[in-house]
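Everything on this sheet refers to the single structure shown next.
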Amino acid sequence: MSLQAVLQVGRAVRGKLPFSSMCGNARAVHSAALRSSGRRSLLVAAGAAVTAGLVAGYTHLQRAEMASVDHGEDLDKRVAGFMAPPVTDLETLRRNRSDMKSRMELMIMETQAEVCRALEEEDGGASFIVDRWQRTEGGGGVSCVLQDGKVFEKAGVNVSVVHGYLSQEAIQQMRSRGKDLKTKDGKLPFCAMGVSSVIHPKNPHVPTIHFNYRYFEIEEADGNKQWWFGGGTDLTPTYLNQEDVVHFHQTLKEACDAHNPGFYPKFKKWCDDYFYITHRGERRGVGGIFFDDLESSSKDDLFQFVRSCAKAVVPCYVPIVNKHKNDSFTPEEKVWQQLRRGRYVEFNLVYDRGTKFGLATPGSRIESILMSLPLTARWEYMHVPPPESREAEILKVLQKPKDWVH
């Protein structure tokens, strides 16, 4: 069965099964494919596609379930599944359950736990170190980092919930994006929270992934509050596997389409434009989705959209890891991976807005900000891959983005 055929099956049955049953059935299909064919890529990808197709889209029933999670479930039970207690104390979260800051904090803590447990299962060796930290200026976070595992060289999944006053540099950065901010005595109170992750696998045939979903709120001098959401998920393979990239983009597209059919094409282009290494003339990877300053719709609608995107992270990525984590590779392929990681470092340190904002925020935690960097990377002078090689193939895509789902 082709990957597209399996995706169609996933779409056909979506909405006819409870969420937990759908996930269980998808896992069963995936496990059966593994048992029957070892590691044959098509069947493994097919199981991945079913998982993605069933998990990424949300029906009206699932939306109702999400609303009950936000407002009516037992908070203690929900928090018990997190990697660590939330930054905000439980009584405050319970008292302000309907406030967006509380809802977002619980969502990002939940996302962190889901991703960490999925990665630990795939790695089968190392576990995440959980580091709960506090920020003197206000707030704190939970950093989860796995290093030197069987599958992952370094995987970090961070949550931060911080508040205080923005630095002048951060204020200027926001104004450069068109924000009209009214300060009082040069100060601007803010609250920011988000989940951010970068995963660097050992095997060159398993791609790197980055995702980040965040909520920002500021209070101006006149008491007016501004808020917005931002985030995205993008893939950075060392070698091009078109089936994997199509699966990745299709999963994100379905998460977007469940809320607005215009989201995916808009945010896909935004991602291609944002992750551009100007001095190299190439993108960091094969893209995904990226957005910032989302505030035009209702706050609840945008929150549900961001939540859908966060829920799509595991099904868009983990099946690809499972498919390739035991692939053989040569020393030359490992060197190419190290060189591509060098490009990753260049983008994050030179262009990434989140890194710049973090470094410009008073009391920022440097270890968490630079968590995105790999343990190892390489730079060679004037390295050019042979024409028509697989290394040259990925460079062509990075220089000219493709439409992967049409």
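Computed values, structure above
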item: Condition broken by SER143, with the remaining ones in (1) under 21 Å from the mean Cα position of the chain (by Cα); (2) among the small types (Gly, Ala, Ser); (3) open to solvent by 20 Å² or more (accessible area, probe 1.4 Å) satisfied; result: (3)
item: Of the criteria (1) more than 14 Å from GLN338 (Cα to Cα); (2) in a loop (DSSP other than H, G, I, E, B), which one HIS383 fails; result: (1)
item: Residue in region 51-108 that is modelled with the lowest pLDDT, counting only those that are of a type in the set (Asp, Glu) and part of a helix (DSSP H, G or I); result: GLU65
item: Odd one out for VAL314 among (1) closer than 21 Å to TYR264 by Cα; (2) β-branched (Val, Ile, Thr); (3) over 22 Å from the mean Cα position of the chain (by Cα); result: (3)
item: Long-range neighbours under 7 Å by Cβ, at least six apart or interchain, first residue of a type in the set (Phe, Trp, Tyr) within region 148-159, second outside any strand (DSSP E or B) and buried (at least 23 other Cβ atoms within 10 Å of the Cβ); result: PHE152/LEU119
item: Qualifying residue in region 251-266 (condition: of a type in the set (Ser, Thr, Tyr), open to solvent by less than 10 Å² (accessible area, probe 1.4 Å) and either closer than 30 Å to ARG340 by Cβ or within 18 Å of the chain's Cα centre (by Cα) (or both)); result: yes
item: Matching residues in region 203-219 - criterion: being open to solvent by 10 Å² or more (accessible area, probe 1.4 Å), farther than 19 Å from ASP292 by Cβ and either charged (D, E, K, R) or in contact with a Ser or Thr (Cβ under 6 Å, 6 or more places away or on another chain) (or both); result: THR208, GLU219
item: Lone unmet requirement of (1) free of Cβ contacts under 8 Å to residues at least 12 places away in the same chain; (2) outside any helix (DSSP H, G or I); (3) of a type in the set (Gly, Ala, Ser) for GLY358; result: (2)
item: Single residue of region 81-108 satisfying the filter (charged (D, E, K, R) and in contact with a helix residue (DSSP H, G or I) (Cβ under 6 Å, 6 or more places away or on another chain)) that is nearest to SER196 (Cα to Cα); result: ARG103
item: Given (1) modelled with pLDDT of 95 or more; (2) open to solvent by 20 Å² or more (accessible area, probe 1.4 Å); (3) farther than 30 Å from VAL350 by Cα, number of the condition LYS311 does not satisfy; result: (3)
item: Close pairs (8 angstrom Cβ cut-off, 6 or more residues apart or separate chains): modelled with pLDDT of 95 or more in region 232-254, surrounded by fewer than 23 Cβ atoms within 10 Å (Cβ to Cβ) and of a type in the set (Asp, Glu) anywhere; result: THR238/GLU333; TYR239/GLU333; TYR239/GLU391; TYR239/GLU393; LEU240/GLU393
item: Residue count for region 274-287, restricted to those that are more than 11 Å from GLN399 (Cα to Cα) and either open to solvent by 70 Å² or more (accessible area, probe 1.4 Å) or of a type in the set (D, E, K, R) (or both); result: 1
item: Boolean, LEU395 is aliphatic (A, V, I, L, M), assigned to a helix (DSSP H, G or I), more than 26 Å from HIS205 (Cβ to Cβ) and open to solvent by 20 Å² or more (accessible area, probe 1.4 Å); result: no
item: Subset of region 152-172 (residues that are more than 14 Å from ALA360 (Cβ to Cβ), surrounded by fewer than 23 Cβ atoms within 10 Å (Cβ to Cβ) and either among the charged types (D, E, K, R) or modelled with pLDDT of 95 or more (or both)); result: GLU153, LYS154
item: In region 312-333, the residues that are in contact (Cβ under 8 Å) with a residue 60 or more places away in the chain and either out of contact with any Ser or Thr (no Cβ under 9 Å at 6 or more places or on another chain) or outside any helix (DSSP H, G or I) (or both); result: ALA312, ILE320, VAL321, ASN322, LYS325, ASN326, ASP327, PHE329
item: Any hit, region 96-110, residues being closer than 29 Å to LYS334 by Cα, open to solvent by 20 Å² or more (accessible area, probe 1.4 Å) and out of contact with any Cys (no Cβ under 6 Å at 6 or more places or on another chain); result: no
item: LEU235 more than 22 Å from GLY194 (Cα to Cα) and either open to solvent by 40 Å² or more (accessible area, probe 1.4 Å) or outside any helix (DSSP H, G or I) (or both); result: no
item: Which listed residue is part of a helix (DSSP H, G or I), open to solvent by 60 Å² or more (accessible area, probe 1.4 Å) and either touching a helix residue (DSSP H, G or I) at 6+ places or on another chain (Cβ under 7 Å) or under 19 Å from ILE199 (Cα atoms) (or both), from LEU339, LEU349, LEU375; result: LEU349
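The values are calculated or read from the model by the stated rules, or taken from the named source; none is laboratory data. All values derive from a computational prediction rather than experimental measurement. Reconstructed Cβ throughout: ideal geometry from the backbone, glycine too, with neighbour counts over all protein chains shown. What goes into the accessible areas is simple: the full protein's heavy atoms, side chains included, and nothing from ligands, DNA or RNA. Shrake-Rupley method; radii C 1.70, N 1.55, O 1.52, S 1.80 Å.
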